Amino acid sequence: MARAALALEDGTVYVGESFGATGTVSGEVCFNTSMTGYQEILTDPSYRGQILTMTAPEIGNYGVNEADIESNKIQLSGFVVRHASRIASNFTATDTIGDYLARAGVVGITGIDTRALVRRLRARGAMMGVLSSELFEPTKLVEMAKAAPSLVGRDLVREVMPTHAREWQESLDAWSVPLVQPLEGGVFGASPAALAGAAKHVVAIDYGLKWNIARHLASAGYRVTVLPGNATAQEVLALKPDGVFLSNGPGDPEPLEYAINTVRDLIGQVPLFGICLGHQLLALASGAKTFKLKFGHRGANQPVMDLATGKVEITSQNHGFAVDEATLPQTLVVTHRNLNDGTIEGLRHTTANAASVQYHPEAAAGPHDAAYLFERFRQMMA
């Protein structure tokens with residue numbers, strides 16, 4: 001196998017073997033503690049602009065397939081693992097992880113000490129880095145890492161959100177890619193009359209929507225219309241939804257003025273439920289602020305307490321920013337809290353029918369402790 005190198009902005013350089021595509025990429029180097037679900041992680045739009053390290057030592061052993069994707073392509077910038085399996089053992093696999101990355105043009109590195117890398121990221125925080133399988137001059141790579149643009153202040157949602165409104169339809173074949181059909185009549189052309197007859201109609205605003213979220217909503221019997229993340233409140237309300245879902249998405253929420261304005265205009269007009277980035281946007285639209293976490297929460301083992309019941313749930317998370325509790329307005333109350341660092345994991349609006357959580361209740365692969373939140377959303381629309 002050819003060589004590859006990962007350089008961090010603090011001057012650290014890791015040399016290993018290349019797998020996937022040949023090239024040079026930059027991004028924020030972060031880590032995920034999940035032991036399974038690497039294909040869902042690779043295709044999660046929330047990882048846009050990041051070079052991801054997996055803490056589990058063996059990645060790729062069960063291969064990849066079309067059923068486990070969360071978007072239409074690999075979203076992250078680069079992939080770092082201790083050992084990339086060259087075989088795919090699961091009977092559903094259609095490819096190995098190395099070939100999967102190569103076809104997508106994504107650069108990967110294997111054979112480095114990922115434990116040492118993760119310890120450095122935990123101690124110093126997420127850092128910008130450069131991953132290359134074609135350049136090997138350490139000084140040059142470190143200079144490139146230092147010059148790479150930070151995620152703070154960047155609008156990454158525009159890179160992952162769809163351009164058109166569409167209706168969600170799951171294929172009858174359990175192993176095939178979901179069908180995502182454009183709406184007739186233009187970008188936001190669905191008329192309210194066309195939506196008549198549905199028991200409940202949910203509009204999901206797509207800031208980087210994971211497909212499994214739409215699957216959960218559809219499996220609950222809702223008709224799901226997906227709108228781009230730059231949809232206005234007027235365009236949302238024109239579809240006469242019973243509820244609005246604010247999706248996950250990548251990067252810093254504060255530059256997303258168009259999304260914040262839309263959520264602000266929707267508060268009090270229709271039931272709102274947000275997760276991940278959608279949670280942060282609800283907070284910003286209500287007057288709170290956000291801040292960047294030292295190394296983020298990424299993995300399927302984050303403990304969260306539901307403050308109303310006292311129950312602890314193990315959750316799947318992927319975010320590098322959080323809501324600043326000191327800036328919460330009186331209209332927001334904390335409903336869930338992270339038991340590792342005490343940060344806010346859930347909010348409820350006191351004067352409007354709106355709530356949000358920072359984690360992923362639809363997680364795949366991941367724990368299902370938080371699936372009850374979709375039932376709470378149903379009750380909000382009752």
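Since every read-out is calculated from the coordinates, none of them should be taken as a lab result. Keep in mind that what you see is a predicted model, and the values were worked out from it rather than measured. No Cβ is skipped: glycine too gets one built from the backbone with ideal geometry, and neighbour counts run over all protein chains shown.
Going through the cross-link list LYS240/LYS289; LYS210/LYS292; LYS240/LYS311, which pairs have a Cα-Cα distance over 27 Å in this structure?
Working: LYS240/LYS289 30 Å; LYS210/LYS292 22 Å; LYS240/LYS311 35 Å.
In this structure, LYS240/LYS289; LYS240/LYS311 exceed 27 Å between Cα atoms.
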Sequence-separation-based contact order of the range 6-76, relative, with Cα cut under 8 Å and 6+ spacing, percent: 34
Along the chain, longest interval not containing exposed GluC sites (Glu not before Pro), exposed being DSSP loop plus at most 13 other Cβ atoms within 10 Å: 185-382
Inter-part distance where the range 66-93 and the range 216-287 are each reduced to a Cα centre, Å: 30
Distance from the range 39-54 to the range 322-382 (C-alpha centre basis), Å: 23
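Using Cα-Cα distances under 8 Å and only pairs 6 or more residues apart, what relative contact order does the chain have, in percent?
Values: 975 pairs, mean separation 56.3, N = 382.
Taking the mean separation of contacting Cα pairs over the length of the chain, I get 15 percent.
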Selection from LEU328, VAL236, PRO367 lying farthest towards where the dipole of the range 157-380 points positive, charges on Cβ: LEU328
Simple Cβ-charge dipole of the range 6-82, Lys/Arg +1 and Asp/Glu -1, about Cα centre, in debye nearest 20: 100
Cα long-axis angle, helix 114-124 against the chain (0 to 90 degrees, to the nearest 10): 60
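So, with +1 on the Cβ of K and R and -1 on the Cβ of D and E, and no other charges, what is the size of the charge dipole of the chain about its Cα centre, to the nearest 20 debye?
Approximately 520 debye in magnitude.
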Listed residues PRO162, GLY108, ALA5: farthest to the positive end of the dipole of the chain (Cβ charges): ALA5
Highest-first arrangement of 77-84, 98-105, where packing means the average Cβ count within 10 Å: 77-84, 98-105
Value of Rg/Rh across the range 3-147 [Cα atoms, Kirkwood radius]: 0.95
Percentage relative contact order, the range 157-380, counting C-alpha pairs under 8 Å, at least six apart: 16
